[in-house]
Amino acid sequence: MQNNYIETKRLILRPLILDDANAVFEWAGDPVVNRYMPYPLHQSVHQAEEWIRSLGDKNEFCFCLKDSGKVIGSGSITYDEKYGAYELGYNLNRQYWRMGYATEVSKALIQWAYQNIGARDFFARHANTNEASGNVLKKCGFQFAHYGQYSKYDNSEIFEASYYTLHLD
Ligand SMILES: CC(C)(COP(=O)(O)OP(=O)(O)OC[C@H]1O[C@@H](n2cnc3c(N)ncnc32)[C@H](O)[C@@H]1OP(=O)(O)O)[C@@H](O)C(=O)NCCC(=O)NCCS
């Protein structure tokens, strides 16, 4: 059976439960966090609950601080047929930016996927103006592959983006 509990130095990563909805809304309802995310800005805690319900068996993890139990963000590792690789994605509550958390969880998610679901090839993309995300990827060993684009799910905005890949033997 798949082990969906990950421990890092400062965090526990685990699947989301409905009780996390208030914490999710803190970032999913924040326009600054949502700026480069494809999903629509959440308008209510109810919308966060609906999102959690929709996750099913997707490899989406929330990030909980060990010292307080506070849920500060979430991220996913999702297989993409088109790329033949696992896409890494993440977003964090703005109060917890620039403390190394995204790098810590990304490294842990990659290691988890390597050990538990046989992932060897990974990719990620970031809007060219989202420098923070690019820095996280580089710190995790990703290398620039090519330029491209992605859009919000509702097609309201198209982003010029950089695509990165990582291969592990
Ligand atoms: C992108 C995001 C997850 C980064 O999280 P974080 O926890 O602040 O990242 P880290 O602290 O691990 O920082 C990684 C590196 O990026 C740098 N960095 C962080 N924020 C930065 C910023 N705004 N501009 C430039 N560099 C930045 C850090 O300094 C660090 O490098 P260093 O160790 O050499 O100093 C966070 O900003 C976020 O949630 N943004 C909104 C959602 C989003 O855009 N997700 C990605 C979509 S592709």
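The values are calculated or read from the model by the stated rules, or taken from the named source; none is laboratory data. Since this is a predicted model, take the numbers as computed values, not measurements. Glycine gets a Cβ as well: all are built from the backbone with ideal geometry, and neighbour counts include every protein chain shown. When the accessible area is computed, the model is the full protein with side chains, heavy atoms only, and any ligands, DNA or RNA have been set aside. Shrake-Rupley method; radii C 1.70, N 1.55, O 1.52, S 1.80 Å.
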Long pairs among Lys9/Lys70; Lys82/Lys139; Lys66/Lys152, criterion Cα-Cα beyond 22 Å: Lys82/Lys139; Lys66/Lys152
Tyr150 long-range amide H proximity, modeled H, under 5 Å: Phe159, Ala161
Linear extension gain, Asp57 paired with Arg10, 0.36 nm per residue minus alpha-carbon span: 14.4 nm
Relative contact order of the chain, pairs being alpha-carbon contacts under 8 Å that are 6 or more residues apart, as %: 20 percent
Under 13 Å, Cβ to Cβ, from Glu81 - net charge with Lys/Arg +1 and Asp/Glu -1: -2
Segment 43-58 versus segment 76-102: alpha-carbon centroid distance in Å: 17 Å
Solvent accessible area, Å² - Lys58, 1.4 Å probe, full protein context: 130 Å²
Estimated distance in nm for a label pair at His167 and Tyr153, the labels positioned 7 Å out from Cα along Cα-to-Cβ: 3.3 nm
Rotationally averaged projected area of the chain (alpha carbon convex hull; nm²): 9.7 nm²
Given charges at beta-carbon only (K, R positive; D, E negative), |dipole| of the chain in Debye: 520 debye
